[in-house]
Amino acid sequence: MQTNIERLAIWGGPPAFAEKLHVGRPNIGDRDRFLARVSDILDHRWLTNHGPYVREFEQRISDRLGVKHCIAMCNATIALEIVIRALEMTGEVIVPSFTFVATAHALQWQAITPVFCDVDPATHNIDPQRIEQLITPRTTGIIGVHVWGRPCAIEALSEIAQSHELELVFDAAHAFGCSYHGKAIGSFGRAEVLSFHATKFLNSFEGGAIVTNDDALAARIRLMKNFGFAGYDDVDYVGTNGKMSEVSAAMGLTSLESMDEFIATNRRNYAEYQRVLADLPGILLIAYDGNEHCNYQYIVLEVDQATAGLSRDLLMRILWAENVLARRYFHPGCHRMEPYRSFYPNAGLLLAETEKLTDRVLSLPNGTATTPDDIAKIGELVHIAVAHGAEIAERLSAMPPGQ
Ligand code: T4K
């Protein structure tokens, strides 16, 4: 293990980890149960189109969340597009820029303007106090994102939506298994959207779902995700293909059976990160509310360069050299990605907190592929980096380009 800066892999030596440590390494449940389900699917030759495994998966999710309807989808991006369309959002919709670009793209894809709202630096979530100034006669909705699984200010957002007659939807891609005031995320707003992508703590390879308590909305969404078909030869709406396959549902069901174990591992790892990263000046590990349910999937550091003595990007470079593939989610913010940066070159003027945050955050590996030993090593690397940040930066700047 590295003990001084000479042994850091950034100078060309061997990395601390022989294998790459990815942030989004999937959790795999009981392999035999999954394979038995796949075998059954093949035996019955029913591979997709709302088969028995998808129906069971939807039922289990609804039961777990205490929500009336779960409509499983092929991924959360399509789910967002469909719920936006089903609610007839048009014109402008207010969203945070500090999110995965899918949230904004789901609007832009259907010619709706995402209006980017700044975030609360304490929670990383959309700041309700900044929403009203963004509402125009063209505004039809708000999409809150429960970033890192930490719930948005749901009550404040609901009040704003109600008083301005706006639709309110939550992108809960990170928040399956989390709660707000003790109630499961999934039943807030008109609908919430879950992701079961491979990198989420509970996966169905690719997958997502819309959950809602609204019967009429659920019925419309069910048709829309199946080309609008109401019967064999009967189409009621313009629709698309958002269906989840049976193999995905089999993976989702198998993952659900291990869900509590995945959360326990994430929680143990989070506590381990807390321990090894304690008392590091300028390095803040984001906090989770111990009074709520939480999936503890995201290990997110905020690097305050002035105090830590090194930038987030330098810390990331040091970790990558050691095969720790930390990620800068959600750098540089949607407003600095195309097409938004060309459409709204000055959007950053209203997004001061987002811009600060996108320069500070760094996500570290978690999940069942990450061990306490890995975390201890990562902790040591971060300690060395912080203790010698200025020296490392100086030496790197003196090195010839390309080295
Ligand atoms: N809303 C929010 C707030 C979201 O965060 C997301 C997705 C969505 C909506 C849309 O959900 P989906 O339509 O995807 O259901 C990854 C995921 O692809 C994406 O689902 C996720 N958010 C986002 C935060 O992370 P990338 O571009 O970082 O993916 P990639 O390929 O770089 O993989 C991430 C890390 O995981 C890498 O280090 C490699 C590792 N990995 C990945 C896969 C697929 C593995 O070790 N094994 C794997 O199988 O977006």
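Values computed for the structure shown
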read-out	value
Accessible-area composition of region 1-98, carbon plus sulfur, in percent [1.4 Å probe]	49 percent
Label point distance in nm, Val38-Asn323, each placed 7 Å from Cα along Cα→Cβ	2.6 nm
Along each principal axis, Cα extent of region 38-151, largest first, Å	57, 31, 24
Solvent-accessible area per residue, Å², over the chain with all protein chains present [probe radius 1.4 Å]	44 Å²
Tail fraction, Cα-Cα pairs, the chain, threshold 42 Å, whole percent	16 percent
Pair Arg267, Gln305: separation of 7 Å Cα→Cβ label points (nm)	3.8 nm
Equivalent-ellipsoid semi-axes of region 211-286, from the Cα gyration tensor, Å, largest first	44, 17, 11
Cβ-defined net charge surrounding Gln108, 11 Å radius [Lys, Arg +1; Asp, Glu -1]	-2
Unsatisfied cross-links (Cα-Cα over 20 Å) in the set Lys200/Lys225; Lys68/Lys225; Lys20/Lys377	Lys200/Lys225
P(r) of region 284-358 over all Cα-Cα pairs, binned every 5 Å from zero, in whole percent	3, 12, 18, 19, 17, 17, 11, 3, 0
Global geometry of region 280-323, whether rounded, prolate or oblate, following the gyration tensor of its Cα atoms and the 1.5 cut on a/c	oblate
For Ala175, residues with placed amide H under 5 Å, excluding near neighbours	Ser195
Gyration tensor verdict on region 342-402 (Cα atoms; rounded if a/c is under 1.5, prolate if a/b is larger than b/c, oblate otherwise)	oblate
In range of the label at Lys68: residues from region 189-214 whose backbone nitrogen is under 15 Å from the point 7 Å along Cα→Cβ	189-192, 211-214
For region 131-233: rounded, prolate or oblate by the Cα gyration tensor [a/c cutoff 1.5]	oblate
Cα-Cα separations in region 1-88 greater than 15 Å, expressed as whole percent	77 percent
Note, ³J(HN,Hα) from phi for region 225-242, Karplus 6.51, -1.76, 1.60, rounded to Hz, x at Gly and Pro	7, 10, 6, x, 5, 9, x, 4, 10, 10, 10, 9, 9, 6, x, 9, 10, x
Relative frequency of Cα-Cα separations exceeding 20 Å in region 176-256, percent	44 percent
In sequence order, calculated HN-Hα J values of region 293-310 (Karplus, 6.51, -1.76, 1.60; Hz; x Gly/Pro)	6, 7, 8, 6, 6, 9, 9, 10, 9, 10, 9, 9, 4, 4, 8, 6, x, 8
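The values are calculated or read from the model by the stated rules, or taken from the named source; none is laboratory data. The structure presented is a predicted model; accordingly, all values stated were derived computationally and were not measured. For neighbour counting, all protein chains shown are included, and Cβ atoms are generated from backbone atoms with ideal geometry for every residue, glycine included. Surface areas here come from the heavy atoms of the whole protein model, side chains and all, with no ligands, DNA or RNA. Shrake-Rupley method; radii C 1.70, N 1.55, O 1.52, S 1.80 Å.
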